[in-house]
Amino acid sequence: MASIDLDKVLDKAWADKSLQEILAAPVGALKGVSDRDGELLQEAFGVKTVADLAELKYVRWAQALAALDAAAK
């Protein structure tokens, strides 16, 4: 089972929320992502929520490429 330290990846206001609430949250709930970043992601890719970002094909492609690179080392 995968685990993550939510305090390291979420703004404080979101750290005690349920996974469902976090996935439905605006991308600004992620630590280091500003409201303006969220606006730009929505304009460019239609991303509104953390779940939308996770499902974005470009993110998945980049993760797959990084995994291939790691496997080749």
(request) Would you please give the residues with an amide H less than 5 Å from that of Leu30, counting only those at least 5 places away or on a separate chain, with H modeled from the backbone geometry? (result) Asp11
(request) Using label points projected 7 Å from each Cα along Cα→Cβ, tell me how many nm separate Ala70 and Ile4, to one decimal. (result) 1.3
(request) Give the angle, between 0 and 90 degrees and rounded to the nearest 10, that separates the Cα long axis of helix 35-45 from the longest principal axis of the Cα atoms of the chain. (result) 50
(request) Mind checking which of Val27, Val59, Leu40 is farthest towards the positive end of region 24-68's charge dipole, using Cβ charges of +1 (Lys, Arg) and -1 (Asp, Glu) about the Cα centre? (result) Val59
(request) Kindly provide the pair-distance distribution of the chain built from C-alpha pairs, with 5 Å bins from 0 and whole-percent values in order of increasing distance. (result) 3, 16, 20, 22, 19, 12, 6, 1
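None of the figures in this text is laboratory data; all of them are computed from the coordinates on show. This structure is a prediction, so every number in the text was calculated from the model and none was measured. Using ideal geometry, Cβ is built from the backbone for each residue, glycine included, and neighbour counts are taken over all protein chains shown.
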